[in-house]
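Asks: This is the structure I want to talk about, given as structure tokens.
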Amino acid sequence: MKVKRYTASTSREALRQVKEELGVDAVILSNRKTKDGVEIMALADSEMSNLVQAPSAPLNMSQYEQNKAPKVTETYSRVPLLVNEPPVESKELPNNVMPASLAHDIIAEIQAMRSTLEDQLATVAWGNFTQRRPEKVKVLRAMLDAGFSPLLSRRLVDKLMATHDYEQSLKQAMSALAFNLRTVASDEMIEKGGVYALIGPTGVGKTTTTAKLAARCVIRHGADKVALLTTDSYRIGGHEQLRIYGQLLGIPVRNIKDTEDLELTLSELKNKHMVLIDTVGMSQRDQMVAEQIAMLSNCGADVKRMLILSAASNGKTLDEVISAYQKNGIYGCIITKVDEAASLGIALDAVIRRKLTLHYVANGQKVPEDIHAANPRYLLHRIFKSSPGDSAFTLQDAEFALIMASKNGAESSQSAEKSFAGFNYD
């Protein structure tokens, strides 16, 4: 073990020498005041790694007599080199090597102490915040109870005016959410027409939603202006369900096998006002998702991909689905199964954070009645109007404070930060 000694007039100068020679990951073993200034004992990071990995041999009797049973007086820990670190009085480093088990125990103890200190500081900070901003805390809790993520809720609450009471703060929060929820005018998709592929995981209601959109277009433009395609050749009877809807609407349904078949079919249907493609459902983790997107992208036509999201899914699942299908662009999204979800806030939270454009919400199986154009203010009013009730997932006051004060209650991962760049106010 090569321990090096650095002496300088100040701690800043000594630490500079350590950083220049051993790097920023060097381990400080001791520092003390001397008559010449400050003395620092340091060890290279590679030397410390070898020290921890390789246990030392026990001292024999002659070594014991010679060293007089040396005592370990230093605490070993890997710490960043801080130029403002004050010098601490310490004794000289012993000549024998610290056992690996003892080094691991010391490092684990330091980490545990650090974690405990961070938790205590977070609890104190949260307590101060609840005393200074009780109205903001109530809004934060209302948003979490409504299903919004802690990340979005914190960003929004941080920008609320401190002078407002709870009702004013909640109204401002709803206005901000409505401003950031991207929607389109009623039936813009039906009016513009084009080729649309409904994509998404299994069981989200793609086939039923395809039938609802086709029915709305038939009512507006006639059955001869609408065409239905399906790529669902995997699910038993999958294409038959859409074929039944087509017969009821007076629209023929064609089955698509591959990219060439899709390109040929779309060229034959170029005079149609709207062509709807019902794709096969698959897990967002399935490698075939990329093949499906490639088929829609390479068919020689402008196929707009419409992502179908289930309001009954949890937030993490929705994030995974959006990440899987958003790689090559998403034209918009439709939220289904609103009638089955405990709260619509989870789905709207994902749409807002991932900056998707919401076209419709669907709330049942009736064709075409159970699909509606997205109205931001109505949807948010419905979310906050409904009471969360008392369930196994409802946090009590003490539990809410404990979770919000804990560092584990914060979404600080880089993926979460990338998925939500900011929050705008009108």
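Asks: Summing +1 for each Lys or Arg and -1 for each Asp or Glu, what net charge is found among the other residues whose Cβ lies under 12 Å from the Cβ of Leu380?
Replies: +3
Asks: Hand me the GluC sites (Glu not before Pro) from segment 208-294 located in a DSSP loop with no more than 15 other Cβ atoms within 10 Å, in residue order please.
Replies: none
Asks: Give me the extension gain from Ala108 to Thr394: residue separation times 0.36 nm, minus the current Cα-Cα distance, reported in nm with one decimal.
Replies: In short, 99.5 nm is gained.
Asks: In debye, nearest 20: dipole of segment 150-302 around its Cα centre with unit charges on the Cβ of K, R (+) and D, E (-)? Please list the in-between numbers first.
Replies: Values: 18 positive and 18 negative charges, 81 e Å.
Dipole about the Cα centre, nearest 20: 400 debye.
Asks: Want the number for Glu21 to Leu264: 0.36 nm per residue separation, take away the alpha-carbon distance, what's left? Each step should come with its number before you reach the end.
Replies: On the way: separation 243, 0.36 × 243 = 87.48 nm, distance 6.82 nm.
The Glu21-Leu264 span can extend by a further 80.7 nm.
Asks: So if R0 is 22 Å, what FRET efficiency would Leu248 and Glu191 give, r being the distance between their Cβ atoms, rounded to the nearest 0.05?
Replies: So, using R0 = 22 Å, E works out to roughly 0.40.
Asks: Here is the link list: Lys212/Lys337; Lys225/Lys355; Lys257/Lys304; Lys138/Lys385; Lys270/Lys304; Lys159/Lys337. Which ones come out longer than 22 Å on Cα distance? Don't skip to the answer; put the middle values down first.
Replies: Numbers: Lys212/Lys337 14 Å; Lys225/Lys355 32 Å; Lys257/Lys304 19 Å; Lys138/Lys385 15 Å; Lys270/Lys304 15 Å; Lys159/Lys337 32 Å.
Long pairs (Cα-Cα over 22 Å): Lys225/Lys355; Lys159/Lys337.
Asks: With θ taken as phi - 60° and the coefficients 6.51, -1.76 and 1.60, list the Karplus ³J(HN,Hα) couplings across segment 279-292 in order, rounded to whole Hz; mark glycine and proline as x.
Replies: Values, residue by residue: 8, 6, x, 8, 4, 5, 9, 6, 5, 6, 4, 5, 5, 5 Hz.
Asks: Along the charge dipole of segment 163-214, Cβ charges K/R +1 and D/E -1, which of Val204, Leu170, Leu181 sits furthest on the positive end?
Replies: Farthest towards the positive pole: Val204.
Asks: Of the DSSP beta bridges with both residues in segment 284-392, give the percent that are antiparallel, rounding to the nearest 5.
Replies: That works out to approximately 25 percent antiparallel.
Asks: Could you compute the FRET efficiency for Asp224 and Ala294, with r as their C-beta to C-beta distance and R0 at 45 Å, rounded to 0.05?
Replies: On the way: r = 31 Å, r/R0 = 0.70.
Once rounded, the FRET efficiency stands at 0.90.
Asks: If you don't mind, another one. To the nearest 10 square angstrom, how much accessible area does Tyr196 have with a 1.4 angstrom probe?
Replies: Here the residue's solvent-accessible area equals roughly 0 Å².
Asks: Something else: How large is the convex hull of the C-alpha atoms of segment 325-377 per residue, in Å³?
Replies: Enclosed volume per residue, from the Cα hull, is 98 Å³.
The values are calculated or read from the model by the stated rules, or taken from the named source; none is laboratory data. Just so we're clear, the structure is a prediction, and the values are computed from it rather than from any experiment. Every residue, glycine as well, gets a Cβ built from its backbone with ideal geometry; the counts of neighbours run over all protein chains shown. The accessibility values were calculated without ligands, DNA or RNA, using every heavy atom of the protein model including side chains. Shrake-Rupley method; radii C 1.70, N 1.55, O 1.52, S 1.80 Å.
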